[in-house]
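Here the structure comes first, spelled out in structure tokens, and everything after it is commentary.
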Amino acid sequence: MALNAATAFSNDAPIARGLLQARITHARYTPKPYTLAHDLTYLHVPVAALPHLKRRFLNRNGWGLFALNDRDYGDSKTGIEVWLRAAFHSIGAELPDGEVTLVTLPRVLGFGFNPVSFWLCHDRGGALSAVLAEVNNTFGERHCYLCRKPDGAPIGPDEEIAAEKVFHVSPFFPIDGEYRFRFIEKPDRVSIRVDLYREGRRALSATIGGRLTELTSRALFRNFLRHPFPTLQVVLLIHYHAARLYMRGHRIFSKPAAPGDLVTPSLGPRPASITPEQT
């Protein structure tokens, strides 16, 4: 398994495909239609490169313009590598034996909030075999959905992986329904789509997608100038759009207790209901 593979990563060296220039969209279909879209730059970094994240503007477990800290992921007690294996073992599965790539928003000047991070887990041949979707809410709680097929076979771009919704995220939806995850990886692009189905109907769609570019110190600084304080922007946008939904008469549901287990296994594949052009 390639978490600590002897890949050619070194301090301050460029990381190919290390930044995801993403377009974020949300579309609510019930009870009243509501859409939003904005642009953010995500890290798209192999876990094997994390020990070498000692750059002019990006550090691991330290302070800087950008930082990626282990405590922001998993159980926040063990290291990332140990926790990833434990997450798979908790549902009786094994972490795939290929490269694992983290798609996430880094902290900016010490401030961080990630609505969702994705751990893209590949087999030795490079095929996407599992994805750990790590979700955070604004109440400081965290939960993961482990998307995989029961036999661990590769996840195709025309397949959706379903998971029961068990974690409170938005006060405008109760804890019910089924998430359907769709993942499309190309050499120069990544697209992730999550649909929420309630009573057999699509209630919400969220997408993160865009082109992959090289991660360098210069690119990080340029992105900061273009999107300063992106994590703070995310928090402000969450509250801004929540206020708009409330003003439009959307019902508010009370927050239940968080699930006892950190990881929820997926229900398996579903036939794709959305065409690739819509993803």
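The numbers here are math on the coordinates, done by the rules we state, and not lab data. These numbers were taken from a predicted model, which means no experiment stands behind them. We place every Cβ from the backbone using ideal geometry, glycine too, and count neighbours over all the protein chains shown.
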request  = Kindly point out which whole DSSP H helices in the chain project their C-alpha atoms 24 angstrom or further along the helix axis while averaging a Kyte-Doolittle hydropathy of 0.0 or above.
outcome  = 230-247
inquiry  = Using only the alpha-carbon atoms, what does the range 10-88 span along each of its principal axes? Please give whole angstrom values in decreasing order.
reply    = 48, 30, 22
query = Cα-based count: Lys pairs in the chain below 29 Å, eight or more positions apart or different chains?
reply = 11
Calculated from backbone phi, Karplus (6.51, -1.76, 1.60) coupling profile of the range 54-70 in Hz, x at Gly/Pro = 10, 10, 4, 10, 9, 10, 9, 6, x, 9, x, 4, 10, 8, 10, 10, 4
message = Cut-off is 10 Å between beta-carbons; in what order do R17, R107 appear when sorted fewest neighbours first?
response = R17, R107
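Starting from the eigenvalues of the Cα gyration tensor, five times each then square-rooted, give me the equivalent ellipsoid semi-axes of the chain, largest first, whole Å. Before the final figure, lay out each step's value.
Working: eigenvalues 155, 105, 65 Å².
In descending order, the three semi-axes are 28, 23, 18 Å.
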message = Treating only the Cβ of Lys, Arg, Asp and Glu as charged (+1, +1, -1, -1), what charge dipole size does the chain show about its Cα centre? Round to the nearest 20 debye.
response = 1060
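Report Rg/Rh for the range 90-135, rounded to two decimals, where Rg is the Cα radius of gyration and Rh the Kirkwood radius.
On the way: Rg = 12.9 Å, Rh = 11.9 Å.
Reported Rg/Rh, Kirkwood definition of Rh: 1.09.
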inquiry  = Can you tell me, using C-alpha contacts under 8 Å and at least 6 residues apart, the relative contact order of the chain as a whole percent?
reply    = 22
query = What residue among G126, G156, F139 has its Cα farthest toward the positive end of the dipole of the range 109-188, where the charges are +1 on Lys, Arg and -1 on Asp, Glu, each on the Cβ?
reply = F139
request  = Just grab the label-to-label distance for S254 and K186, each label 7 Å out from Cα along the Cβ direction, in nm (one decimal).
outcome  = 4.8
key: the range 60-205: projected area of the alpha-carbon convex hull, averaged over directions, in nm²   = 9.7
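What number comes out for the charge environment of D39, summing +1 per Lys or Arg and -1 per Asp or Glu over other residues with Cβ under 14 Å away? Provide the component values of the computation, followed by the final result.
Numbers: positive: R23, R211, R222, R226; negative: none.
For residues surrounding D39, the net value is +4.
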task = Give me the distance in nm between label points sitting 7 Å out from Cα along the Cα-to-Cβ direction at E94 and K149, one decimal.
result = 1.7
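Only helical DSSP H runs with n ≥ 4 go in: add -39500 (n - 2.57) per run for the chain, normalise by residue count and round the 222 nm mean residue ellipticity to 500 deg cm²/dmol. Don't jump to the answer; show the numbers that get you there.
Numbers: 3 runs with 38 residues, N = 279.
That comes out to -4500 deg cm²/dmol.
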